[in-house]
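Notes follow the structure.
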Amino acid sequence: MASGNLHAHPDGLDPDAVDRPIYAAVIRPHQSLSQDGFRLVMAACCVVSLVTSIACLTKGFWPVAGFFGLDMLALYVALKVSFRRAHSFEEVAISPIEVLLRRVSHRGERHEWRFNPLWTRLTRVEDEEYGLRSLTFVSRHEHVAVARDASPSEREAVAQGLSRALAQAKKGY
């Protein structure tokens, strides 16, 4: 009887490594304002609005106060929508047999794309001033943007990781 592992692959390959991710990341939208920052911005805008409204009221320009109130309401709604959208994310995983991109919206809606890593490439659109503007998986005739809500510097870091993982998957892991 031969000694050794009875479950070993004859070529010395690890069958469990075939679907193990080479690269995996969760990409969240760029959020420049924290909750404390939100409170600070709203407080500062309300103070400026209140002082300006009082000055306008004393001079007889009473409609200005109403418009400042509408501006504060619009600012509040816009920032709350921005915070809600921050709950969306993208998951990217590259294994030797599959490129998986899963996008989950802030409402919980899921979209999923699966590609063969051998047929998938990563295209970049760069701008001298802005940096990496867009990153797209291209497989056959399908184009899917990845890291679309990330900042340019975060998008660049993701691009480097994805490029390395795709190259590694194409070499045969």
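Taken together, the values in this text are just the output of simple stated rules run on the coordinates, not laboratory data. From a predicted model like this one, the values you see are computed outputs, not experimental measurements. Ideal geometry is used to build each Cβ from the backbone, glycine not excepted, and the neighbour counts take in all protein chains shown.
If the segment from residue 84 to residue 141 were pulled out straight at 0.36 nm per residue, it would be longer than the present Cα-Cα gap by 17.2 nm. Note on 89, 137: ascending count of other Cβ atoms within 10 Å places them as 89, 137, the fewest first. Taking label points 7 Å from Cα along the Cα-to-Cβ direction, residue 157 and residue 67 give a separation of 4.3 nm.
Residues 71, 36, 149 in ascending order of nearby Cβ atoms (within 10 Å, fewest first): 36, 71, 149. Summing Lys and Arg as +1 and Asp and Glu as -1 over all other residues whose Cβ lies under 13 Å from the Cβ of residue 26 gives a net charge of -1. Each part gets one Cα centre, and for the stretch 39-61 versus the stretch 113-173 those centres are 47 Å apart. Between the beta carbons of residue 102 and residue 77, assuming R0 = 25 Å, the FRET efficiency works out to 0.30 to the nearest 0.05. The C-alpha radius of gyration of the chain, expressed as a fraction of 2.2 N^0.38 Å, stands at 1.62.
Rg and Dmax, both from the Cα atoms of the stretch 35-85 and both in Å, are 12.6, 41. In the chain, the DSSP-assigned H stretches of four residues or longer account for a calculated mean residue ellipticity at 222 nm of -14000 deg cm²/dmol, using -39500 (n - 2.57) per stretch and the full residue count as denominator.
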